[in-house]
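Each reported figure results from applying straightforward, stated rules to the coordinates on display, with no laboratory input. A quick note: this is a predicted structure, and the numbers were derived from the prediction, not measured. A quick note on method: Cβ atoms are made from the backbone with ideal geometry, for glycine too, and the neighbour counts reach across all protein chains shown.
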Amino acid sequence: MQALGLIETRGLLAAVESADAMLKAAAVTLIDKTHVGGGLVSIAVTGEVASVQAAVEAGTAAVRQINNELLISFHVIPRPHDEVAGLLSDVKSPENERGQLFEPLKAETKEEAEVEKTEVEEKVTVADREKINKSKIDSIVLKYGFVEAFEFLNSLKVTKLRTIAREYKDLSIAGRLISKADKKKLLAVFDEYYSTKQLD
């Protein structure tokens, strides 16, 4: 029976980073990503016990490297009961055709990914890339959600991200720290801000 590994983080960026590290570190399968609420995101993987333990260790280390406060909790269940599968949103049945406890997440086809990318680009082109500022980022978050706003922020150059960051009064970094921050750090800061901030 397959083991289950879980990591819960604050914000999407930390969750993606942990999932990437887990999948690269060991032979595990990503089976679930859940937005818990309040900016918390849970990632679940399955595989052999040793692989899951190694993956969870790698995932937690990756999150701590960004910011230790983004790691909420982590856990490995060596032999979960079959009914535990029903708790995970993307799992269809307790046991799939290969005898594994969990079904992996459905992979997106290339066509679906292209359509989604085009839709996101069409939405964010409403905001002029040269004149993008905090209020426009806020409006993208309100209209389309932070996931799409994050994709848009990720498409900007680090110098533009620094300029936008200076417009925020309550980011976790300010002044010279913004000037010295790299793109990864700035994206983590924006992720933290929008994960905890309620926009009207």
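Do any of LYS136/LYS180; LYS157/LYS180; LYS143/LYS197; LYS143/LYS184; LYS134/LYS169; LYS134/LYS183 go past 21 Å between their Cα atoms, and which? Numbers along the way, then the final one.
Details: LYS136/LYS180 24 Å; LYS157/LYS180 14 Å; LYS143/LYS197 15 Å; LYS143/LYS184 24 Å; LYS134/LYS169 10 Å; LYS134/LYS183 17 Å.
Cα-Cα > 21 Å for LYS136/LYS180; LYS143/LYS184; rest within.
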Quiz item: Spin-label point model (7 Å from Cα, Cβ direction): what's the ASP182 to ALA50 distance in nm?
Solution: 3.3
Quiz item: If you count, for each residue, the other Cβ atoms within 10 Å and average over each peptide, how do 156-163, 186-193, 136-143 line up from highest to lowest?
Solution: 186-193, 136-143, 156-163
Quiz item: Using the C-alpha atoms of the stretch 3-87, what convex hull volume per residue, in cubic angstrom, is computed?
Solution: 73
